[in-house]
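Asker: I have a structure I would like to understand better, so I am pasting it below and will then ask my questions one at a time.
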Amino acid sequence: MNEKTAFYRRAAALILPMALQNLINVGISSIDVVMLGRVGETVLSGASLGSQIQFILNLMLFGATSGAAILMAQYWGKGDRAAVGTVWGMVLKLTMLISLLFTVLVFVFPYHAISIFTNDGAVREQGAQYLRIVCLSYLPLTFTMVYLNTMRSVGRVRIATVVYLCSMLTNIAVNAVLIFGLCGAPRMGIRGAAIGTLCARLMELAVVAVYNRRWNTELPFRWRYVKAFDRTLAKDYVKYSLPVLFNELMWGTGCSMIAAILGHMGSAAVAANSVAQVVRQLATVASFGVASAAAVMVGQTLGEGRKDAAKRYADRLVRLAMLLSLAGAGLILLIRPLILRSVAISDEAIAYLSVMLLVMSYFVVAQVYNTVVIVGILRGGGDTKFGFMVDVIFMWGVAILFGFVAAFVLHWSVIPVYLILTCDELLKVPASALRYRSKKWLNNITRETT
C-alpha cells in the first residue's frame with residue numbers, strides 16, 4: 001500500500017464517523033427548531049435565544065478541550081499514554097468547574113440571562129422557562145464532551161457516533177411526547193423541549209459510562225487521572241489552551257452578540273436566523289468532519305516527528321474540505337425553495353430567510369476554509385494564537401462593531417445589518433491562507449520527559 005492510499009484510508013476512518021457525528025448533532029440542534037416552529041414564532045425564538053447560553057458554554061468547553069487535544073494527540077503519536085491521562089484529568093477538573101458555574105447562574109437568574117438577547121417580554125418569558133430546566137443538562141454534557149474529545153484526539157471516533165445517535169433518538173421521542181402532549185402526556189411546549197434536551201444528555205452520559213466500563217480497553221477513564229498533576233504538562237496546557245479558550249470565547253460571544261443584535265430587531269429576524277443557522281450546519285457537516293480529522297492527523301503526525309508528512313496531509317485535507325464546502329453551498333441553494341415552503345413562520349420572517357439562505361450559500365465556503373486551517377491544521381501544530389487575533393480584528397473590530405452601528409445608530413433594516421454581521425469569515429480567508437503558507441504551525445510540542 002503506497003503512502004497516499006494509506007493516508008486516504010486513515011482519513012476516511014476519521015472523517016466519515018466525524019461527519020456522521022456532525023450530522024447527528026445538527027439533527028439534535030434542529031429538533032427543537034422544527035418541532036417548536038410548529039408551535040409558534042415566540043416559542044421558537046425563546047428556545048433559540050435560550051440555547052445561546054449553552055452555545056457559549058459549549059465553546060468554552062470546546063476551547064478548553066481543544067487545547068488539551070493538541071497535547072493529547074501529539075503525546076499519543078509519541079506513545080506517552082501517561083501524559084495523555086494526566087492532561088485528560090486536568091481538563092476535566094477545569095471544565096466541570098466552568099459548567100457548575102453556568103448551571104448555578106442560569107438556574108438562579110434565568111430572566112437576566114435571556115434578557116441579554118432580547119427585550120421582547122413574551123420571548124423572555126418562554127426563554128426563561130426553557131433555561132430553568134435545560135441548565136440541569138450542563139454538567140452531564142460537560143463530562144461527555146471531554147470524554148469524547150479525548151477519544152477523538154487519540155483517533156477513537158466511532159463511540160461518539162453511537163453516543164450522539166442515542167441522544168438524538170431520545171431527544172426526538174421525548175420532545176414529540178412532551179411538546180405536543182402525545183400518549184396522554186401533558187402538552188408542555190417549550191418546557192417539553194427543555195426536558196427532551198435534558199433526557200438526551202443523560203442518555204449520552206449513560207452510553208459513555210457503559211462503553212468505558214465494557215469496551216474501552218486502550219484508554220479508559222480512571223479517577224486517578226483527576227488526582228494526577230504534572231507541573232510541566234500544566235504549563236504546556238496553559239500555554240496552548242488559553243489562546244484557544246480566548247479564541248472560542250471571542251468567537252462564541254461574538255456569535256451570541258450577533259444573535260442579540262438580531263434579537264433586538266424583532267422576533268421575525270430571530271426566527272429566520274434560527275432556521276438559516278440550522279441549514280448552515282447541515283451544509284457543513286462533512287467539511288467540519290475534515291477539520292476535526294485534520295487536528296488529529298496533523299497533531300499525531302507531528303508528535304511522531306514527521307513534519308513533511310504532516311504538511312502533505314494538511315494540503316490534501318484542505319483540498320478535500322473545499323470540494324465538500326462547494327457541495328454544501330450547492331445543497332443550500334437546492335433545498336432553499338423547500339425550506340421556504342415548509343417552515344411555519346411569519347411572512348416577514350420568510351422574506352428575511354430567503355435572503356439569509358443566499359448569504360449562507362457563499363458564507364459556508366469561507367467558513368469551512370477558515371475552520372480547517374485555523375481549528376484543524378494550525379491548532380494541530382500548536383499554533384493557537386492566530387485564531388484569537390483574527391477573530392478580534394475581523395469579527396469584533398469589523399462585523400460586530402459596524403453591524404451594531406448599522407442596527408442601532410443608523411437604524412438600517414434587517415438584511416443590510418445581517419450582511420455586515422456575516423462578513424467576517426470572508427475577510428479572514430486571506431489572513432488564514434497567508435498563515436498556512438508560512439508553515440509556522442509545523443511544531444512538535446511534546447517533551448522528552450513528563
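The values are calculated or read from the model by the stated rules, or taken from the named source; none is laboratory data. These numbers come from a predicted model, not from an experiment. Here the Cβ is made from the backbone with ideal geometry for all residues, glycine too, and neighbour counts use every protein chain on show. For accessibility, only protein heavy atoms count, side chains too; no ligands or nucleic acids. Shrake-Rupley method; radii C 1.70, N 1.55, O 1.52, S 1.80 Å.
Asker: Say the dipole of the range 6-154 comes from +1 at the beta carbon of Lys and Arg and -1 at that of Asp and Glu; which of SER45, ASN149, GLY85 then lies farthest toward its positive end?
Answerer: GLY85
Asker: Hey, any idea what % of the chain's accessible area is carbon plus sulfur with a 1.4 Å probe?
Answerer: Working: 12100 of 18320 Å².
Accessible surface attributable to carbon and sulfur in the chain totals 66 percent.
Asker: Anyone know which of LEU338, LEU97, LEU205 comes out most mobile in the 10 Å Cα GNM of the chain?
Answerer: Largest GNM mean-square fluctuation: LEU338.
Asker: Take each of the peptides 153-160, 433-440, average the number of other beta-carbon atoms within 10 Å over its residues, and list them starting from the highest.
Answerer: On the way: 153-160: 21.2, 433-440: 13.6.
With the highest mean Cβ count within 10 Å placed first, the list reads 153-160, 433-440.
Asker: A follow-up question, please. Say a paramagnetic label sat at a point 7 Å from the Cα of LYS439, along Cα to Cβ; which residues of the range 301-326 have their backbone N under 18 Å from it?
Answerer: 301-318
Asker: Once the dipole of the chain is set up with Lys and Arg at +1 and Asp and Glu at -1 on Cβ about the Cα centre, which of PHE62, SER115, PRO186 lies farthest towards its positive end?
Answerer: About the Cα centre, the residue reaching furthest to the positive side is PHE62.
Asker: Still on this structure, I have one more. Rounded to the nearest 20 debye, what is the charge dipole size of the chain about its Cα centre when +1 sits on each Lys and Arg Cβ and -1 on each Asp and Glu Cβ? List each step's numbers first, then the result.
Answerer: On the way: 40 positive and 21 negative charges, 323 e Å.
Around 1560 debye, computed over the chain.
Asker: Membrane-span-like helices in the chain: DSSP H runs reaching 15 Å or more (Cα, own axis), mean Kyte hydropathy at least 0.0?
Answerer: Numbers: long enough: 3-37 (49 Å, 0.82); 41-78 (53 Å, 0.76); 81-108 (41 Å, 1.88); 121-134 (20 Å, -0.09); 138-153 (22 Å, 0.44); 158-180 (33 Å, 1.71); 190-214 (37 Å, 0.74); 231-263 (45 Å, 0.57); 267-283 (24 Å, 0.87); 285-303 (27 Å, 1.44); 307-342 (51 Å, 0.72); 347-370 (34 Å, 1.22); 424-438 (22 Å, -0.35).
Span-like helices in the chain: 3-37, 41-78, 81-108, 138-153, 158-180, 190-214, 231-263, 267-283, 285-303, 307-342, 347-370.
Asker: With the cut-off at 26 Å, tell me which of the pairs LYS93/LYS311; LYS227/LYS307; LYS4/LYS235; LYS78/LYS385; LYS235/LYS385; LYS235/LYS439 have Cα atoms farther apart than that. Numbers along the way, then the final one.
Answerer: Working: LYS93/LYS311 34 Å; LYS227/LYS307 34 Å; LYS4/LYS235 37 Å; LYS78/LYS385 24 Å; LYS235/LYS385 16 Å; LYS235/LYS439 24 Å.
Going by Cα-Cα distance, LYS93/LYS311; LYS227/LYS307; LYS4/LYS235 fall outside the 26 Å limit.
Asker: With label points built 7 Å along Cα→Cβ from the Cα atoms of ASP315 and VAL210, find their separation and express it in nm.
Answerer: With each label point 7 Å from Cα toward Cβ, the separation is 4.6 nm.
Asker: Relative contact order for the range 302-405: what percent, with Cα pairs under 8 Å and sequence separation of 6 or more?
Answerer: On the way: 40 pairs, mean separation 33.1, N = 104.
32 percent.
Asker: Now a separate question. Ordering PHE143, PHE363, PHE109 by accessible area with a probe of 1.4 Å, largest first, what comes out?
Answerer: Reading off the accessible areas and sorting them downward yields PHE109, PHE143, PHE363.
Asker: List the trypsin sites (Lys or Arg not before Pro) within the range 1-109 that fall in a DSSP loop (any state other than H, G, I, E or B) and whose Cβ has at most 15 other Cβ atoms within 10 Å. Show your work: numbers first, answer last.
Answerer: Working: sites: LYS4, ARG9, ARG10, ARG38, LYS78, ARG81, LYS93; in loops: ARG38.
Counting only loop positions with at most 15 other Cβ atoms within 10 Å, the trypsin sites (Lys or Arg not before Pro) in the range 1-109 are ARG38.
Asker: How high is the relative contact order of the chain, in percent, with contacts defined as C-alpha pairs under 8 Å that are six or more residues apart? List each step's numbers first, then the result.
Answerer: Values: 704 pairs, mean separation 104.2, N = 450.
Normalised by residue count, the contact order of the chain is 23 percent.
Asker: For the range 1-142, compute the orientation-averaged projected area of the C-alpha convex hull (one quarter of its surface), in nm². Please list the in-between numbers first.
Answerer: Values: hull surface 43.4 nm².
Mean orientational projected area (the range 1-142, Cα hull): 10.9 nm².
Asker: Shifting gears a bit: Is it possible to state the helix-based mean residue ellipticity at 222 nm for the chain, with each DSSP H run of 4+ residues giving -39500 (n - 2.57), the sum divided by total residues, to the nearest 500 deg cm²/dmol? What is it? Please list the in-between numbers first.
Answerer: Working: 18 runs with 355 residues, N = 450.
It comes out at -27000 deg cm²/dmol, rounded to the nearest 500.
Asker: Within the chain, which is the longest segment that contains none of the GluC sites (Glu not before Pro) sitting in a DSSP loop with at most 14 other Cβ atoms within 10 Å?
Answerer: Details: sites that count: GLU218, GLU448.
For GluC sites (Glu not before Pro) (loop position, at most 14 other Cβ atoms within 10 Å), the longest site-free span of the chain is 219-447.
Asker: Put a dot 7 Å past each Cα toward the Cβ at LYS307 and TYR111; how far apart are the dots in nm?
Answerer: 6.0
Asker: Using only the Cα atoms of the range 246-358, what do you get for the radius of gyration and for Dmax, in Å?
Answerer: Both quantities, over Cα of the range 246-358: 18.4, 58 Å.
Asker: Sequence gap at least 6, Cα distance under 8 Å: using those rules, report the relative contact order of the range 136-283 to the nearest whole percent. Working shown, then result.
Answerer: Values: 90 pairs, mean separation 28.4, N = 148.
Worked out over the range 136-283, it gives 19 percent.
Asker: Give the Cα extents of the chain along the principal axes, in whole Å, largest first.
Answerer: Cα extents, longest axis first: 60, 47, 39 Å.
Asker: Next question. Can you give the percent of C-alpha pairs in the range 2-66 whose distance is more than 15 Å?
Answerer: Numbers: 1424 of 2080 pairs.
That fraction is 68 percent.
Asker: Roll a 1.4 Å probe over the protein chains and send me the accessible area per residue for the chain in Å². Intermediate results must be reported in sequence, preceding the final value.
Answerer: Details: 18320 Å² over 450 residues.
Dividing the accessible area of the chain by its residue count gives 41 Å².
Asker: Just the accessible area for MET265, please: 1.4 Å probe, Å², rounded to the nearest 10?
Answerer: Approximately 50 Å² for this residue.
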